[in-house]
Each structure stands twice: as structure tokens, then as C-alpha cells.
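Presented below is the structure to which this report refers.
Nothing in this text is a laboratory measurement; each read-out follows from the coordinates by a stated rule. This one's a predicted model, so the numbers in the text were calculated from it and none came from an experiment. Reconstructed Cβ throughout: ideal geometry from the backbone, glycine too, with neighbour counts over all protein chains shown.
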Amino acid sequence: ILALSQPVLGVTLQAQDNHLAIAGIAAESDLPSAVIGQRLLGIAQEGEPVIAVDARTLIEEPDMIGNADWLRDFYVQQDRLFQALSSGLVSVTVQNGAVPTSLTARVRGGRPMSDLPVKFWTQLGVGCVGLIIGFWLVCLRTRDLAAWMVLLTGVGLAMASGAAGLYSTRELALGYGVFRTASQVNSSGTLLFGIGILTLFLIYPRRIVPRIVLPLPALVIGSTMLFIQIADWPRHVGLLQDGVAIIMLLLLGAIACQLVVNRRDPAARAMLGWLGLSVTLGAGGFVVTAILPTLMGRDVLVQQSTAFLFF
């Protein structure tokens, strides 16, 4: 509902180098077909200055903007663009060659479901699968804490992928309130997944830590989650990437400990073989392709919307 109710120009945009290019237009758009292939320089509400846009305007995951000031500027720009689009009539500045051209276009109040790209549905699908598996296991093993931890990972995955599906497939902009809430749901879901998966391998197939230690992942990761969301948001959003990398290292350590502790138990080794390998490839594949490159200051190997499929 949120994705369909956003104002849109009816264009398909692609990031090329440091600018945005118009790759296509909808049949209902007021813009002429001649603008396809031209650069989009900015849009403006009638009587207002032009709001410049570039490749960063369309970034799929704002959490990967490492600089807190740049991240604030990004959300301010998104809200300004959203307000301009919400006016219903905008001036679109495009460039083909040396001379910019301004065109007037009417903004649609929403988009049809057919406009939602495949990556929107894949991210929602990943979240649904996580929920189904989690609830299925809890129904089968209601008193098993390990099953509840799998459910927690499913809830966290659904929060993270569902929220990302909303803002990663926006045409150009979302309002500040919607974007902020979706970003907070995404980061909170990511850390909830971390709590569930790390606690799971502390107790399954065998508990490898004292009972007093079991609440520690929830306390530490939960405190980090609250700190990121409450303390001058989005100043500390960059900590999310560091936290995910640390959780992944701890998770691999817990799996290794389980392998050592259960080395003489064939059934436990079989369970670890399937579950441990699945988690390592799933969560690890996401971290290596979408998180680790960002921490190293490089472009992601796979877009986040695609990397969710590892799960």
C-alpha cells in the first residue's frame, strides 16, 4: 500500500557514473519520449528553486552512506523532492548535450502494481519465507527455545527485507517520515536477526555457554539497536554495518564451537552440517557481497535487494 501510494513522474531512472539517466517513461507520463537517454538534473515545484539530483539520490540502501552529515543531507533532499512531487505539477530539468531544458510534467498520485519491479517482490518474498519457516517450527516445537530463535530470525528478516523493498524500489523519493520509519524498521530487523541466529547456535544442537550468558546477545545487540535509533538519528546508523560484521564473526565462532563440542555425536554433526552450512552461506553471502565491501569503502558486489536472496 505504501509503495503504491507514492507520487511518481512515471519515469524509469538509472544511476550512471555520478548522474541519473532517464531510461524509460510510462505511457501516462507527460514527458515526451525524446527525454529517454537524457540526464535528469533536477525537479522543482512551481515557483521554487530546482532541487538537484545525482546518482546518490537513487541509492538503494542509505545505511551504506558512511558519513553522518551526508546521510542527513540525503534524507533532507528526499523530503524536499517528495514535497515537490506532492504538489502535483513540477518542472523537470533534463540535459542532452550542453544546454539544460526545463519541461513541465504532471505527477501521478500513485503507481499501478505493474510498475513495482521484480526486486520489490523478491524482497517481500524473502521475508514471507522467513516468517513461514519460523512459525512452522514453533508450531511443531512450541517449548523448544531453538525454534523460537528461528522464529525471531524470521521476524527480523521480514522486517529488514520488507522495509528495504519499500525504499529500494522508490521511483525517486519518499517523504522523510516514511523513509525514516522504513530505515529504522530495516536496521532493527537486521539486528533482531542477529540476536536470533547468534542465540540459536549458543544452544543448538547443544548449549555451549552457561545459562546466565544466553541473554547477553539480546542485551548487547538490543542496546546497540536502541542506541542507533534513539541517539540523534541518523548519526550512528553507520554502526549497523560494523555490528553486522561483528555478529557474523561471533556466529562463525559459535558454529565452530558447536562442531568441536559435538564431534562425537553423529546426529548433531548432521544437523550442524545442514544448518551451519545454510546459515554460513546465507548470512555470510549477504555480508560478503553487501556489507563487507561497504566497510572497505568499495562498491557492493551485489545490490542489497539481490543479496537478500542468499537467505
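Within a Cβ distance under 12 Å of residue 306, other residues only, what is the Lys/Arg minus Asp/Glu net charge?
Neighbour charge sum, excluding residue 306 itself: -1.
Based on C-alpha coordinates, I'd like the Rg and Dmax of segment 2-106, in Å.
Radius of gyration, then largest Cα-Cα span, for segment 2-106: 13.6, 39 Å.
Does segment 128-228 come out rounded, prolate or oblate, given a ≥ b ≥ c as the square roots of the eigenvalues of its C-alpha gyration tensor, rounded meaning a/c under 1.5 and, failing that, prolate meaning a/b above b/c?
Here segment 128-228 falls in the oblate category.
Put a dot 7 Å past each Cα toward the Cβ at residue 104 and residue 135; how far apart are the dots in nm?
5.1 nm
Determine the distance separating the Cα centre of segment 85-119 from the Cα centre of segment 270-311; give it in Å without decimals.
Spelled out, the Cα-based centre of one part sits 35 Å from the other.
Provide the descending list of Cα extents for the chain along its principal axes, expressed in whole angstroms.
Sorted largest first, the three principal extents are 73, 36, 29 Å.
For labels at residue 28 and residue 295 in the simple 7 Å Cα→Cβ model, what's the distance in nm?
Modelled inter-label distance: 4.4 nm.
Restricting to DSSP H runs of at least four residues, report the calculated mean residue ellipticity at 222 nm for the chain, -39500 (n - 2.57) per run over all residues, nearest 500 deg cm²/dmol.
Calculated from helices alone, the mean residue ellipticity at 222 nm is -17500 deg cm²/dmol.
Which residue, 113, 159, 149, has the most motion in a Gaussian network model of the chain that connects Cα atoms within less than 10 Å?
113
First select every other residue whose beta carbon is under 11 angstrom from the beta carbon of residue 146; then total the charges, Lys and Arg +1, Asp and Glu -1.
Within the 11 Å Cβ shell, the charges total +3.
Which residue, 43, 246, 197, has the most motion in a Gaussian network model of the chain that connects Cα atoms within less than 10 Å?
246
Cα-based Rg of segment 254-306 per 2.2 N^0.38 Å, rounded to two decimals?
Here the answer is 1.50, to two decimals.
List the residues of segment 266-295 whose backbone N lies under 15 Å from a point placed 7 Å from the Cα of residue 256 along the Cα-to-Cβ direction.
280
In debye, nearest 20, what is the charge dipole magnitude of the chain about its Cα centre with +1 on Lys and Arg Cβ and -1 on Asp and Glu Cβ, if you could check?
That gives a dipole near 1300 debye.
How much net charge surrounds residue 190 when only other residues with a Cβ under 14 Å from its Cβ are counted (Lys, Arg +1; Asp, Glu -1)?
-3
What nm value, rounded to one decimal, do you get for the distance between residue 116 and residue 56 when each label is placed 7 Å out toward the C-beta?
Each label point is offset 7 Å from its Cα along the Cβ direction, giving 3.0 nm.
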